[in-house]
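Down below is the structure, laid out as structure tokens.
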Amino acid sequence: MTKRVLGIVLACLLMFPAAASAFDYKTWVSALPKALGTMKASGEPDGMNMDMGGQKWSSLNQTYQSPDGARTAQLSVVAGQMAPQVQGFQSMSAMNMNMEAGGVVMKTVNISGKRCMVNLDKTAKTGTVMIPLKKDMLVSLVLEPATSTSQLTALAREIPLARFKYGR
């Protein structure tokens, strides 16, 4: 009996490092697409793993640029319940916000079977799409210049969402 309990405790301890690294942004680097539309990855991706007061989250960012340099996109992957981006998305999606005023459009859309939020500022010509992968994991895409929600959603559909996973 004691050997069985010791075996279970040892197995749990061996599994702990895997759980602790569940949010390691480095595991997503290989999942980043080489291009989005006509834009190719520009520079190296950057990321971080945060542990603050026992709350953990990770983020990974990759910039994409059109061949003529006129258009850029920022793809971000974020995981962790306390990540500011995740909390912001949860607040907005809980309200089921659909609004258009003063050149700003905020609406809920469906991308790859997921309920997503689109925010388009027609005046500044910037747009953001936030795609939840899990309740505590989010992919976001910021596009400049952006002129329509359909332009944003079409580009977001090119993101290989199934590649971004973590064990939890």
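The values are calculated or read from the model by the stated rules, or taken from the named source; none is laboratory data. Every value quoted in this text rests on a predicted model; they were computed, and no experiment measured them. Here the Cβ positions follow ideal geometry from the backbone for every residue, glycine too, while neighbour counts run over all protein chains shown.
So is Val78 more than 16 Å from the chain's Cα centre (by Cα) and assigned to a strand (DSSP E or B) or not? Break it down stepwise before answering.
On the way: more than 16 Å from the chain's Cα centre (by Cα): no; assigned to a strand (DSSP E or B): yes.
Answer is no for this residue.
I'm trying to understand the selection: among the residues of segment 130-145, which are of a type in the set (A, V, I, L, M, F, W, C) and modelled with pLDDT of 95 or more? If you could, list the steps in order and put the result at the bottom.
To start, the set of residues in segment 130-145 that are of a type in the set (A, V, I, L, M, F, W, C) comprises 130-131, 133, 137-139, 141-143.
Of everything in segment 130-145, those that are of a type in the set (A, V, I, L, M, F, W, C) and modelled with pLDDT of 95 or more turn out to be Leu141, Val142, Leu143.
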inquiry  = Please go through segment 72-115 and give me each residue that is under 25 Å from Gln55 (Cβ atoms) and among the hydrophobic types (A, V, I, L, M, F, W, C), ordered by number.
reply    = Leu75, Val77, Val78, Ala79, Met82, Ala83, Val86, Phe89, Met92, Ala94, Met95
Residue that is farthest from Lys34 (Cα to Cα), among those in segment 113-144 that are surrounded by fewer than 13 Cβ atoms within 10 Å (Cβ to Cβ) and more than 14 Å from the chain's Cα centre (by Cα) = Thr123
